[in-house]
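Engineer: Sharing a structure here in structure tokens format.
Bear in mind that the values in this text are calculations on the coordinates, not laboratory data. Keep in mind it's a predicted model, so treat the numbers as computed, not measured. Backbone-built Cβ (ideal geometry, glycine too); neighbour counts: all protein chains shown.
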């Protein structure tokens, strides 16, 4: 076996291993308190995210990665809130969208590293292209348009290119799980 074959084989194993890293997502039937209420997010990497709502941190529904582009799943997290409370930016960003989609107010921020964060339902009027700092007010949580009735909740979604990601990772709340790689067997 030549050195080229060994290097190519190692590259395949490394690529397969990298593709097997995933964030575990679990459905939550009721709100779950999240540690660290009232403190800024811990963050993954250099970005520190701030919790977008006041009060205790409670997740009503967790992220569930879609199985395909148009497949079922939950492309974000639902955070318990009260109608009319301020919604704040999780990180510094530029407003790329502020409007109404399907009767719900939505705001999207481009926050760098190819990440876009969407908040809904939010009553807001930031201008497209406006810079918002971490913790700065985006708008108010709308009492209508929420799918968490009878209470209000904020849907917080994160996407990088065309891949939806679990927002809780950037608050230090997600759990990273290594998955087995299909077709690659450990040698013992």
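Engineer: In nm, to one decimal, how far is the modelled label at residue 72 from the one at residue 162, with both set 7 Å along Cα→Cβ?
Structural biologist: That separation, rounded to one decimal, is 2.3 nm.
Engineer: Using a 10 Å cut-off around each Cβ, can you sort 163, 158 from fewest to most neighbouring Cβ atoms?
Structural biologist: 163, 158
Engineer: When the chain is fully extended, how far beyond the present Cα-Cα distance does residue 65 get from residue 116, taking 0.36 nm per residue of separation?
Structural biologist: Additional length available on full extension: 16.7 nm.
Engineer: For the residue pair residue 131 and residue 147, what label-to-label distance in nm results when each label sits 7 Å from Cα along the Cα-to-beta-carbon direction?
Structural biologist: Each label point lies 7 Å from its Cα, and together they span 3.5 nm.
Engineer: Further question: How would you classify the stretch 76-145 from its alpha-carbon gyration tensor, with a ≥ b ≥ c the square roots of the eigenvalues: rounded for a/c under 1.5, else prolate if a/b is greater than b/c, otherwise oblate?
Structural biologist: prolate
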